[in-house]
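A.B. asks: The structure that follows is given in the form of structure tokens.
The values are calculated or read from the model by the stated rules, or taken from the named source; none is laboratory data. This one's a predicted model, so the numbers in the text were calculated from it and none came from an experiment. Because the Cβ atoms are built from the backbone with ideal geometry, glycine has one as well, and the counts that use them run over all protein chains shown. Quick note on the areas: whole protein, heavy atoms, side chains included, nothing else; ligands and nucleic acids left out. Shrake-Rupley method; radii C 1.70, N 1.55, O 1.52, S 1.80 Å.
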Amino acid sequence: MSTITADKSFDVQAIRSEFPILEREMRNKPMVFLDSAASSQKPDAVVKAMDYYYQQQHANVHRGVYQLSQEATDAYEKARHLVQGFINAPSEKEVLFVRGTTEGINLVASSYGRKFLEEGDEVIISAMEHHSNIVPWQLICEQTGAKLRVIPVTDEGELIMEEYEQMLNERTKIVAVVHVSNTLGTINPVERIIELAHAKDIPVLLDGAQAIPHLKIDVQALDVDFYTFSGHKMFGPTGIGILYGKEKWLNAMPPYQGGGEMIETVSFEKTTFNELPHKFEAGTPDIAGAVGLGAAVEYMEKIGHETIQKHEHELLVYGTEAMSKIPGIRIIGTAEEKASVISFLLDGAHPYDVGTILDQMGIAVRTGHHCTQPLMDRYGIPGTVRASFAVYNTKEDIDRLVEGVKRAAKMLG
Ligand code: 7TS
């Protein structure tokens, strides 16, 4: 079912009709889903693509000589091709299927780290990282004797670039930062971050988990060394994601996991490894997940990035203005460049209690530290209430949120 006309005129109700879950009621009220930063909902097209794969095309990939296995392999590799185009990667060899952002970062930290990190080396991250871009680096630093350095953030939620610039030195072996913050919504100046690192021949990994559903990503224009994201935050299924890596790095790095698929020859004396991308895809992959991710890519391309960004920006501006007027509210994350996330606190109220009251009104938001505990410590707060928007959200959703927050303020204030 096509809802987007050729001239790309935008009809949010038509978009919503492709997500049956959005018609559900919660607590006997029409659901308002404002937690897409945790995981987006799935359009019909994605679910149907996965259904079709399982009902008509399933066999294991890359091994059967028979037709069905070749069809499954074609479906899996077609998804890789779609992702390559989506992020403008130079080659399919550089597009690895992983479980998600978390695995993408663990792969680089472990594999790049074992090869390139030594005692006294430094890894730069930032104060606004998700735990999945902190802990893998801590683990490899412990093993290698390297040290973590952390770019601080301002009260508004922007990286302090002067401090970053001063941190870069001959001991820095990699920079790993988030493209868009899941807690603050900040869009970081990644072009500048990469430019400064490359001036000292230091590679950069970007955590694209929150950027991929909103921004057009072009890995060649960015000249980024590693870029990773999850399918489930961009209308695709859970359990699948992408690690893009420049061929020169992926070739230089040892395999992450051993097993089938990733080898060329195996003997008890010596094993040689398969070429890219298979060297990093040990075992039977999530074939249906890849197919679903491919369908999600086609879905986003059908709507178009410009349309998505325009609509979400409208929601962000509308929501920020309305929320700012609520007495006792404090918005956490007021960077100039922001994606569609509003994190906030109500005076004297615990975020959890606000979330519970909103839930009673059928409104789904996330509360807590959002897997960014060091950032919460930086602001001296226990957590936030976070509303995050996707292309299927409406101004009515935001009106309901504002009404709910006002009610919570009355009840708790
Ligand atoms: N990096 C960022 C910036 C994220 O927002 C998340 C998930 C991850 C990494 C991890 O992604 P995963 O798909 O591997 O789990 N963020 C959130 C969130 O904000 N609420 O729930 C999950």
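A.B. asks: Given the condition within 12 Å of the ligand (Cβ to nearest atom) and either farther than 22 Å from residue 128 by Cβ or not assigned by TED's automatic domain parsing to the domain that holds residue 213 (or both), answer yes or no: does some residue in the stretch 343-360 qualify?
C.D. replies: There is at least one residue in the stretch 343-360 that is within 12 Å of the ligand (Cβ to nearest atom) and either farther than 22 Å from residue 128 by Cβ or not assigned by TED's automatic domain parsing to the domain that holds residue 213 (or both).
A.B. asks: Among the residues of the stretch 354-386, which ones are assigned to a loop (DSSP other than H, G, I, E, B), in contact with a Lys or Arg (Cβ under 8 Å, 6 or more places away or on another chain) and either surrounded by 23 or more Cβ atoms within 10 Å (Cβ to Cβ) or at pLDDT below 95 (or both)?
C.D. replies: Across the stretch 354-386, the qualifying residues are 365, 370.
A.B. asks: Which of the residues spanning the stretch 119-159 are open to solvent by 20 Å² or more (accessible area, probe 1.4 Å), in contact with a Gly (Cβ under 8 Å, 6 or more places away or on another chain), without any contact (Cβ under 8 Å) to a residue 40 or more places away in the chain and not small (Gly, Ala, Ser)?
C.D. replies: 119, 143, 144, 147
A.B. asks: Same structure again: Which of the residues that make up the stretch 321-353 are of a type in the set (A, V, I, L, M) and assigned to a loop (DSSP other than H, G, I, E, B)?
C.D. replies: Result: 326, 335, 339, 349.
A.B. asks: Out of all the residues in the stretch 117-150, which are of a type in the set (D, E, K, R) and within 16 Å of the ligand (Cβ to nearest atom)?
C.D. replies: Once the filter is applied, which keeps residues that are of a type in the set (D, E, K, R) and within 16 Å of the ligand (Cβ to nearest atom), the stretch 117-150 yields only 129.
A.B. asks: Does residue 108 satisfy being within 16 Å of the ligand (Cβ to nearest atom) and in contact with a Phe, Trp or Tyr (Cβ under 6 Å, 6 or more places away or on another chain)?
C.D. replies: Spelling it out, residue 108 is indeed within 16 Å of the ligand (Cβ to nearest atom) and in contact with a Phe, Trp or Tyr (Cβ under 6 Å, 6 or more places away or on another chain).
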